[in-house]
Amino acid sequence: MWAILRPNSIAVVGASRDPSKIGSRILRNILSSGFQGVVYGVNPNASEVLGVRCYPSVLDVPGAVDLAVVAVPARFVPQVVEECGRKGVKAVAVISSGFKEVGNTDLEKEVVEIAKKHGIRILGPNIVGVWDTRTPINYSFIDANPLPGSVAFISQSGALMTSLLWWTRERGIGFSCLVSIGNRADVGEADLLALLREDPRTKVVAIYIEGLGLGEGRKFLDEALETSTVKPVIVLKAGRSEAAVEAIRSHTGSLAGSDEVYEAALKQARALRAASLRELFNWALALALSPEPGEGTAVILTHGGGAGVMAADVLNGMGVPLAPLPQDLQERLRKFMPPFGSARNPVDLTGMMTAESLRGALVEVLRDPRVGAVLVWAGQGAIPTPEELGEAVVSAVREVGLAKPLIVSITGGGECREVLKRLIQAGVPSYESPEDAASALAAVYRYYRRRGERKGEPARVEGDRARAKEILGRARAEGRVLLTPVESFEVARAYEIPVVEYAFAPDLETAAKAARVIGYPVALAVETPDVAHKTDVGGIALNIKSEEELRAAYAKVMEVFARNVPKARVFGVSVRKMMPRGFEAFVGARRDPVFGPVVSFGWGGVMVELVRDFSLRVAPLTQDDIEDMIEETKAGKVLKGYRGPPLDVEALKNIVASVASLMEDFEEISSVDANPIFVYEKGAVAVDVKVYLKA
Ligand code: COA
C-alpha cells in the first residue's frame, strides 16, 4: 500500500509520445516533481518518451516496479493489470475513466478480480492522480504541486482536488499528500486512513466523500475512530439532499445512503464533519498547526467590539469556554489599552491599538497558563497597516512560542491576503473573517475534547439465539416479511427486552381464560402476519375491563378487521395487560446498505413522525454510543428527570443494546420497531414490537 504514496520505482503505462496526452503529462509531472526513484515508460509504439526508456509491456521492464500508473483506454486495463501481476507489481493506480461511473461495472469488477488474484492493490480507476510532498512525487496529469505541509487530503472527486490545489496554494495551506481515489474499486478511505494514521508527517486527514460502497460503512467508521485517537479526521460528506444523492450516483457510481446515517457514523467515529470545502480546509489548517488547547479560558483579543462579539458568538455556540480573565491578568493587559478599553474577555484594545500594544497584550495572554487558547481579530485600518499587524503577531510568537492554539483573523483588502499567508507560514492559522477564525478554533476544541473520550465497552446482549432463530426461521419458511405480534414479543423476550404480559388465544374462550390469568384491564390485538399497523384497520381494542367487555370487543375487532382487510390471515388474538402509561420512548433499528444495522432511540408514541426527536448509531454499539444517543435527544433529558423524577434510563439502555445485538445476530431481520416503550421510575416495558424480515 505504501507504494501508492512512496514508490521507489514507477512504470507509466501509456506514456504517450503526444505531449498533450495524459500519459505523457503524467510522465512529465513525475520527472519535474523531484522524484528520486526509477521511472520507466510502457508504450508498444515508442522506445523513448521525454528521455525515459519505454518498453512494449510492463513484463519487458528490466528492473523491479513498485507502482504502475496506468493511462490507457479502459478496455486495455484488465490486460495491463494482468501483466503487472505477472511482473510482481503490487500497486496499480488506474487513471483511466470509463468504468463504473459510466455503467461499465463488469469491466471494473474484472480489473479488481485480476488484481486480487495477484495480490495487487488498485487505486482508482477514474482518478486524477496522487501527490506526496515528502517523496516528493506528482503522478497526476496536473502540472502543479501543492505546498508541502501536514494535511492529507483524500477525495472521491478529482476535479475538486485539482481546483483546491490552487486555492490552498494561494492561502498557504500545505499538504503531506493528496490522493484521488475516484471510483474506489479497491483502495478506499478506510485503507488510506489506516496508512496515514501511521504517517508522522500527516497531522490531519481531510476527506471529501460522496458515498461509500455497499457494506463498507462499518470499516470506514472503525478506521476513522482509530485514527481520531491520534490525529483529527475531518470529513466533508456531499449529498444532503435527494437531488444531490442522485447526482452522486451518476458521478462515481457509489451508493450515497442516508445522510442521517452518515451524520451518526461520523459522530461515532469522533470525526469532525465540515459543512463546506471552506470549513474543511479552514479546520484542517487550524488542526494541522495548533497544539492542544490549555485548561483555562479561550481569549479573544481585538480592537473592535463588533468583531469580538461575533467571534464570541461563534465560540459560545460551539461550546468553547469564554470566561472573564483573572484580575491580575486584566491589570497587566490594561497597560496596552486606553482607559476606555476592556480587559475582561473579549479583550478590546480599542481603535487606539498600535502594533506595539497588540504585541504586548498578545505576549501576556500567550504566556499566562490560565489562558487555554487565543483568537486575535484585527481589521485593516490606516494604522497599523496589515503588515505591521502581521509583524506584531509573528514577533509575539517568536518571543513566547506556541504552546497553545493561536488563531488570527485580519479582515480587509487584498494586502491582508499576503499577510495571512505569511502568518500561516510562521505556523499561525490565519483567516480573513472572524467567523472563520472562531469556527476553526472551535474545531480545535471539539477535536481535543472528543479525543479524550473513551471508546467504551461493547454493549452486547447475548440473547437466546436458538429461540429467536426458530421463530424467524418459521416465518421465513412461510415466505413472510412480518412477524405476528406474538412472534415479535417472543423474539424480543429472547433478547431480554421486557415486554408487556401477553398470551396468544386462537379463539374467544381461550382469550377469556387468558384475560382472567393476566387480570383486567387488558387489550386485544388481532394475531396476523399481514398487517403491521392494526389500529388503523380496527384490529386493536384497548382498556377492556371485564369479561363481558372482552366478549363484545372480540366480536367487534374480528368483524371490523375482516371487513377492512379481508385478505389478511387471522390466527386469533393476543391478550395483553393494559399497562399504566409511562414516558413513551421508542427503540428501532434498520439495515443501512452502507453501514449495516443502524439503531435509533427517541421520543415514541403515535407522534413519532411529528416530534422527530431521535438519535442514530451504527451497530455494534458501545456503552458510550448508547449514552451519547440518550444525551442527544430531548427524550433523554426527560428520562434524566426534566421537571419530574428521573426515569429508568438504564432499563432503556439495555433495550437499545438488545435491539442492536438482535440486528447483529440475525442478518435476515430487516428492521425492528419497539414503540411505544413505557419507561417508569423503575423499569421499562415494550408495549408493541414489530419485527420485519428481508423480502
Ligand atoms: N500498454 C501501453 N501503452 C499503450 C497500450 C498498452 N496496452 N495501449 C495503448 N498504449 C499507448 C498508446 O500507443 C498511446 O501512446 P502514443 O500516443 O505514443 O501512441 C498511449 O498509450 C495512450 O493511448 P491512447 O489510445 O492514445 O489513449 P488516450 O491518451 O487518448 O486516452 C486515457 C487514454 C486513459 C487518458 C483516457 O482513456 C481516459 O480515460 N481519459 C480520462 C482520464 C480522466 O479524466 N480520469 C479521471 C480524472 S478525475
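Give the ranking of Trp131, Trp166 by solvent-accessible surface, highest area first, calculated with a 1.4 Å probe. Could the numbers behind the result be given before it?
Numbers: Trp131 0, Trp166 125 Å².
Putting Trp131, Trp166 in descending order of accessible area: Trp166, Trp131.
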Output ordering of 470-481, 681-692, 413-424 (per-residue mean of other Cβ within 10 Å, highest first) is 681-692, 413-424, 470-481
Residue (of Ala437, Val685, Ser47) at the positive-pole extreme of the chain, dipole from beta-carbon charges: Ser47
At 0.36 nm per residue, and after removing the present C-alpha to C-alpha distance, how many nm does the segment from Asp143 to Arg367 gain when stretched out fully? 76.2 nm
Non-local amide H neighbours of Ala11 (under 5 Å, H modeled in plane, Pro and chain starts lacking H): which ones? Tyr40, Leu67, Ala68, Val69
Pairs of alpha-carbon atoms within less than 8 angstrom and 6+ residues apart define the contacts here; what relative contact order does segment 113-187 have, in percent? 43 percent
Here segment 582-596 yields Karplus 3J(HN,Hα) values (6.51, -1.76, 1.60; θ = phi - 60°; whole Hz; Gly and Pro given as x) of x, 5, 9, 10, 9, 10, x, 7, 9, 9, 8, x, 8, 9, x
Kindly write out, for segment 296-307 in residue order, the coupling ³J(HN,Hα) from the Karplus curve 6.51 cos²θ - 1.76 cosθ + 1.60 (θ = phi - 60°), rounded to whole Hz, with x marking Gly and Pro. x, 6, 7, 10, 9, 10, 8, 10, x, x, x, 5
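Cross-chain or 8 or more residues apart, Cα under 19 Å: how many lysine pairs in segment 34-136 fit that? Count them up, please. Present the calculation step by step, with values, prior to reporting the outcome.
Values: Lys87/Lys116; Lys87/Lys117; Lys90/Lys109; Lys90/Lys116; Lys90/Lys117; Lys100/Lys109; Lys100/Lys116; Lys109/Lys117.
The number of close lysine pairs in segment 34-136 is 8.
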Cross-link partners of Lys231 among aspartates and glutamates (Cα-Cα below 19 Å; sequence separation of 8 or more within a chain): Asp132, Glu189, Asp191, Glu198, Asp199, Asp222, Glu223, Glu279, Glu292, Glu453
For the residue pair Lys637 and Glu470, what label-to-label distance in nm results when each label sits 7 Å from Cα along the Cα-to-beta-carbon direction? 4.7 nm
So the angle from the long Cα axis of helix 355-367 to the longest Cα principal axis of the chain, reported in degrees to the nearest 10, equals 50 degrees
May I ask which of Lys237/Lys421; Lys267/Lys653; Lys469/Lys556 have a Cα-Cα span longer than 24 Å here? Lys237/Lys421; Lys469/Lys556
Rounded to the nearest 10, the angle in degrees between the Cα long axis of helix 259-268 and the longest principal axis of the Cα atoms of the chain comes to 70 degrees
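What is segment 272-368's relative contact order, in percent, from Cα pairs under 8 angstrom and six or more apart in sequence?
Details: 98 pairs, mean separation 26.7, N = 97.
Computed over segment 272-368, the figure is 28 percent.
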Could you tell me which of Val72, Val187, Leu164 has its Cα farthest along the dipole of the chain towards the positive end, charges placed at Cβ (Lys, Arg +1; Asp, Glu -1), taken about the Cα centre? Val72
Of Val314, Pro498, Val606, whose Cα points farthest to the positive end of the dipole of the chain (charges on the beta-carbon: +1 Lys, Arg; -1 Asp, Glu; origin at the Cα centre)? Val314
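Expected output is a single nm value to one decimal: the length gained when fully extending between Leu610 and Asp106, i.e. 0.36 nm times separation in residues minus the C-alpha distance. What is it? Present the calculation step by step, with values, prior to reporting the outcome.
On the way: separation 504, 0.36 × 504 = 181.44 nm, distance 4.41 nm.
That works out to 177.0 nm of additional length.
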Using a simple spin-label model with points 7 Å from Cα along the Cα→Cβ vector, what separation in nm is obtained for Glu559 and Ala403? 8.5 nm
Of all DSSP beta bridges having both residues in the chain, the percent classed as antiparallel (nearest 5) is 50 percent
Percent relative contact order of the chain, based on C-alpha pairs within less than 8 angstrom and at least six residues apart? 9 percent
For segment 139-156, take each phi angle, set θ = phi - 60°, evaluate the Karplus expression 6.51 cos²θ - 1.76 cosθ + 1.60, and give the result in whole Hz per residue in order, putting x for glycine and proline. 10, 9, 9, 9, 8, 9, 10, x, 6, x, x, 10, 9, 9, 10, 10, 9, 6
Are there trypsin sites (Lys or Arg not before Pro) in segment 611-653 that DSSP marks as loop and that have at most 13 other Cβ atoms within 10 Å, and which are they? Arg612, Lys640, Arg643
Here is the link list: Lys404/Lys455; Lys513/Lys567; Lys203/Lys404. Which ones come out longer than 20 Å on Cα distance? Lys404/Lys455; Lys513/Lys567
Once both axes come from the Cα atoms, what is the angle between helix 217-228 and the longest principal axis of the chain, in degrees from 0 to 90, rounded to 10? 50 degrees
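The values are calculated or read from the model by the stated rules, or taken from the named source; none is laboratory data. Every value quoted in this text rests on a predicted model; they were computed, and no experiment measured them. When we count neighbours, we look across all protein chains shown, and the Cβ atoms used for this are built from the backbone with ideal geometry, even at glycine. Accessible surface is based on the protein model in full, side chains and every heavy atom, while ligands, DNA and RNA are left aside. Shrake-Rupley method; radii C 1.70, N 1.55, O 1.52, S 1.80 Å.
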